[in-house]
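Beneath this line is the structure, given in structure tokens, with notes to follow.
None of the figures in this text is laboratory data; all of them are computed from the coordinates on show. Every value quoted in this text rests on a predicted model; they were computed, and no experiment measured them. Positions of Cβ are backbone-derived with ideal geometry, glycine not excepted, and every protein chain shown enters the neighbour counts.
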Amino acid sequence: MNTFIEKIIDWLLDKEEKAASNGKIDIKEINHQITQVMDKREKYQQEVDKTLHELDNILVRLQRIKNKHED
């Protein structure tokens, strides 16, 4: 499914690039899209950072449990 979506996005961006090079798209629209993508990227980065932090905590606790039982 992801490959399908990636192909659609690539196709849309190719069409948008051609339209922009022909002056058929306002640069304000491109700037708006850039802002939206950057906002989403920041949101997802925060979620990933939080999840990684939680996983790190789990790993530390599991490592402690393992170490206690190895003694």
Worksheet entry | Cα-based helix-to-principal-axis angle, 27-70 vs the chain, degrees rounded to 10 | 10
Worksheet item: Quick one: Kirkwood hydrodynamic radius for the chain, alpha-carbon pairs, angstrom, one decimal?
Response: 16.1
Practice prompt. Divide by every residue of the chain the summed helix terms, -39500 (n - 2.57) for each DSSP H run of at least 4, and state the resulting mean residue ellipticity at 222 nm, rounded to the nearest 500 deg cm²/dmol.
Written response: -32500 deg cm²/dmol
Worksheet item: Do any trypsin sites (Lys or Arg not before Pro) in the chain lie in a DSSP loop with no more than 14 other beta carbon atoms within 10 Å, and if so, which?
Response: 24
Response to the item:
The farthest towards the positive end of the charge dipole of the range 2-70, of the residues 45, 8, 62, given +1 on Cβ of Lys and Arg and -1 on Cβ of Asp and Glu, is 62
Worksheet item: Taking 0.36 nm per residue of separation and subtracting the Cα-Cα distance, what length does fully extending residue 47 through residue 27 add?
Response: 4.2 nm
Worksheet item: Are there chymotrypsin sites (Phe, Trp or Tyr not before Pro) in the range 1-53 that DSSP puts in a loop and that have at most 10 other Cβ atoms within 10 Å, and which ones?
Response: none
Worksheet item: Hey, what angle do you get for helix 2-21 against the long axis of the chain, alpha-carbon based, 0 to 90 degrees rounded to 10?
Response: 40
Worksheet item: How many Lys pairs in the chain lie less than 29 angstrom apart by Cα atoms, where the lysines are 8 or more positions apart or on different chains?
Response: 18
